[in-house]
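Chemist: Below are the structure tokens for one structure; questions will follow.
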Amino acid sequence: MSRRAQKWNFSSARSTFIQSAFDHVLRDLTDAGYACAIVQAADSSVLHVHPTAPPDLATLPQAALTCQQFLRLKSGDLALVNDPSSGSFSLSTFTCVTAASLPDGDLLIAARFETSRRLSADGKVDNEGVRVPPMPIASKRVLNRDILTAMSMHPMAAPDLAQRVEAAAAMLFEAARRFEALAKAPGTTFDALTFKNYLEDSSAAFETALARLPLGTAIVTGRVLGSNEQIKLTLELSEKHVQFDFKGTEVSSKVGINDLTTLGTCIWSVLALLEEDVPLTSAVLGHFQISAPTNSLLASKSQLSLERGLTLVVPLLGELIHTALAKINPKLKRAGTAGADALAQIEFANGRTVMLSAAPGAAADAADAGQDAYGAWNPQFHPSLEKSETPQLVFTAYGVHKGSGGKGSKKGGDAEFIACKVSEPAKLRWLLGRSSAKAEGASGGKSGTPAEIEIVRAGGKSEKHGALEGFVELASGDEIRLHGAGGGSWGALSEDKDD
């Protein structure tokens with residue numbers, strides 16, 4: 001979410017304190033790049049969401065509530081889940097949930113991290129990772145290492161899954177301890193009435209911010225790259241609500257996302273336009289209304305690949321929402337962006353897989369150039385390259401692909417670039433998704449370059465691939481170069497600056 005918004009300042013001192021308390025409690029987790037949420041166990045009210053990806057806004061609170069529904073978490077307990085039917089949006093994305101015991105009722109605290117992503121050869125989700133339903137993995141702050149070890153031994157589990165869970169657990173338990181200590185501090189009141197007032201204040205804050213956007217209705221359509229299936233959106237901005245009606249969106253047997261991922265993406269796209277960074281609570285999320293045909297590609301209940309949905313459907317949905325908003329208010333118009341990483345998976349004979357990802361450049365608009373390699377900063381989604389190196393694979397280059405963003409008076413963001421060399425035969429599978437198409441420029445600006453994967457064979461021959469997805473065999477000494485998609489630019493360059 002490209003947010004230039006300023007943090008909301010409540011008129012209520014009590015709500016300002018609550019917001020500051022949440023920031024304090026979650027500081028270690030958010031600084032480390034985790035998505036986080038705080039939910040009231042008693043009435044399921046969402047008090048806080050700190051997302052790192054669009055689906056987090058709707059899926060993360062649901063993951064916490066699902067764990068509580070089945071496991072009845074208490075202080076010192078910890079649950080782990082990544083099942084899409086239980087509030088996740090990818091099998092590589094794991095959510096840990098614990099509880100903080102407060103005098104007036106428990107709070108659920110959730111933290112989400114991503115392990116290595118996997119690409120499915122047959123387009124089915126179950127080949128993208130190990131599926132974990134709500135699972136108790138700690139009691140009295142002691143981890144059940146037998147369960148962690150068993151999960152880690154699954155052939156599709158990330159090799160560092162146990163270590164990642166341990167790290168998240170330590171920070172979650174510390175967050176719960178901070179909450180419990182704050183609740184006992186003199187003058188601190190964390191009760192149902194205080195949280196009720198905070199929710200009401202957050203709703204009023206959102207309504208104030210929303211009132212600064214022009215009101216109106218717009219209808220837009222777009223087609224999913226590769227399958228050519230249609231998404232139709234009627235977006236309505238009113239004084240207190242944002243309504244997304246997807247009547248006319250098609251059912252797909254090839255690609256799709258679930259309704260919570262759709263809802264999170266819709267909310268994210270609107271919040272990115274607000275001048276204020278409003279608190280993300282159930283009272284705010286309740287202002288968004290969504291309607292999508294059952295089993296359509298935006299409310300899919302199938303077992304289709306989640307990675308294909310995230311790289312094809314989510315970026316298109318975000319673009320359509322921005323197009324609709326720009327129809328209502330032309331000042332919101334911007335250039336295009338791929339909206340998703342380009343992915344390449346290398347699999348060796350011993351079963352070890354390494355996933356490469358190259359973030360796209362962001363779109364430019366009338367006010368600002370696009371940000372380079374948007375999203376590449378997050379350590380949860382882009383772990384250090386050194387951790388992936390083995391005798392089988394060595395990284396040879398990494399950085400920003402200069403010149404990949406479109407040229408214009410406001411330049412499109414340049415994309416991420418990553419290269420590595422293999423020392424034994426392997427299989428290469430890639431999913432460029434929507435990034436395989438050019439991100440269009442706007443108001444005379446040039447388009448960004450599409451994502452591309454280049455293979456430089458050991459003998460020096462170069463092969464370039466720009467297809468949406470594909471597969472090739474690698475030999476010892478081959479080098480793989482993955483380029484993300486550059487962002488579209490805004491406005492034409494004057495002749496004396498155009499090269």
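The values are calculated or read from the model by the stated rules, or taken from the named source; none is laboratory data. In this text, all values refer to a predicted model and were calculated from it rather than measured experimentally. Note that we place each Cβ from the backbone using ideal geometry, even for glycine, and neighbour counts take in every protein chain shown.
Chemist: For L60, state whether it is closer than 24 Å to G318 by Cα and either free of Cβ contacts under 8 Å to residues at least 40 places away in the same chain or crowded, with 24+ Cβ neighbours inside 10 Å (or both).
Modeler: Numbers: closer than 24 Å to G318 by Cα: yes; either free of Cβ contacts under 8 Å to residues at least 40 places away in the same chain or crowded, with 24+ Cβ neighbours inside 10 Å (or both): yes.
Spelling it out, L60 is indeed closer than 24 Å to G318 by Cα and either free of Cβ contacts under 8 Å to residues at least 40 places away in the same chain or crowded, with 24+ Cβ neighbours inside 10 Å (or both).
Chemist: What is the number of the single condition among (1) farther than 28 Å from E128 by Cβ; (2) within 22 Å of the chain's Cα centre (by Cα); (3) modelled with pLDDT of 95 or more that Q371 does not meet?
Modeler: The failed condition is (3).
Chemist: Quick check: is even one residue across region 244-259 in a loop (DSSP other than H, G, I, E, B), within 21 Å of G123 (Cβ to Cβ), among the hydrophobic types (A, V, I, L, M, F, W, C) and in contact with a helix residue (DSSP H, G or I) (Cβ under 6 Å, 6 or more places away or on another chain)?
Modeler: Residues of region 244-259 that are in a loop (DSSP other than H, G, I, E, B), as a first pass: 246-250, 252-258.
Still in the running and within 21 Å of G123 (Cβ to Cβ): 249-250, 252-258.
Checking the rest, the ones that are also among the hydrophobic types (A, V, I, L, M, F, W, C) come to 255, 257.
Among the residues that remain, those that are also in contact with a helix residue (DSSP H, G or I) (Cβ under 6 Å, 6 or more places away or on another chain) are: 255, 257.
Scanning region 244-259, I find at least one residue that is in a loop (DSSP other than H, G, I, E, B), within 21 Å of G123 (Cβ to Cβ), among the hydrophobic types (A, V, I, L, M, F, W, C) and in contact with a helix residue (DSSP H, G or I) (Cβ under 6 Å, 6 or more places away or on another chain), so the answer is yes.
Chemist: Can you name the residue in region 125-141 that is more than 16 Å from A157 (Cα to Cα) and not aliphatic (A, V, I, L, M) and, of all such residues, is surrounded by the fewest Cβ atoms within 10 Å (Cβ to Cβ)?
Modeler: Applying the filter and picking the extreme gives K140.
Chemist: Let me ask something additional. Across region 92-111, which residue is surrounded by the most Cβ atoms within 10 Å (Cβ to Cβ) among those that are among the aliphatic types (A, V, I, L, M) and either closer than 19 Å to T30 by Cβ or at pLDDT 95 or above (or both)? Spell out how you get there, then give the answer.
Modeler: Step one: list which residues in region 92-111 are among the aliphatic types (A, V, I, L, M), which gives 97, 99-100, 102, 107-111.
Okay, now just the ones that are also either closer than 19 Å to T30 by Cβ or at pLDDT 95 or above (or both), so 97, 99-100, 107-111.
Details: V97: 28, A99: 26, A100: 25, L107: 28, L108: 25, I109: 28, A110: 30, A111: 28.
Only one residue tops the list, namely A110.
Chemist: In this structure, is M151 modelled with pLDDT of 95 or more and surrounded by 15 or more Cβ atoms within 10 Å (Cβ to Cβ)? If you could, list the steps in order and put the result at the bottom.
Modeler: Values: modelled with pLDDT of 95 or more: no; surrounded by 15 or more Cβ atoms within 10 Å (Cβ to Cβ): yes.
No: the conditions fail for M151.
Chemist: State which residue pairs qualify: first residue crowded, with 16+ Cβ neighbours inside 10 Å and inside region 244-259, second residue among the charged types (D, E, K, R) and at pLDDT 90 or above in any location, beta carbons under 6 Å apart, and separation of 6 or more residues or different chains.
Modeler: As it stands, the answer is T249/K232; E250/E229; S252/E229; V255/R308, since those pairs meet every condition given.
Chemist: Considering S116, S101, S85, S45, which residue is in the same structural domain as S139 (by TED's automatic domain parsing) and closer than 20 Å to Q303 by Cβ? Working first, answer last.
Modeler: Working: S116 fails: closer than 20 Å to Q303 by Cβ; S101 fails: closer than 20 Å to Q303 by Cβ; S45 fails: closer than 20 Å to Q303 by Cβ.
Checking each option against the conditions leaves just S85.
Chemist: Return the only residue of S85, S92 being within 25 Å of P315 (Cα to Cα) and more than 16 Å from the chain's Cα centre (by Cα). Full working, then the answer.
Modeler: Working: S92 fails: more than 16 Å from the chain's Cα centre (by Cα).
Residue meeting the stated conditions: S85.
Chemist: How about region 218-243: which of its residues are touching a His at 6+ places or on another chain (Cβ under 8 Å) and either closer than 12 Å to S291 by Cβ or assigned to a loop (DSSP other than H, G, I, E, B) (or both)? Steps first, please.
Modeler: We begin by selecting, within region 218-243, every residue touching a His at 6+ places or on another chain (Cβ under 8 Å); these are 240-242.
The answer is K240, H241.
Chemist: Criterion first (surrounded by fewer than 24 Cβ atoms within 10 Å (Cβ to Cβ) and either within 31 Å of the chain's Cα centre (by Cα) or in a loop (DSSP other than H, G, I, E, B) (or both)) does A492 satisfy it?
Modeler: On the way: surrounded by fewer than 24 Cβ atoms within 10 Å (Cβ to Cβ): yes; either within 31 Å of the chain's Cα centre (by Cα) or in a loop (DSSP other than H, G, I, E, B) (or both): yes.
Taking the combined requirement at face value, the residue satisfies it.
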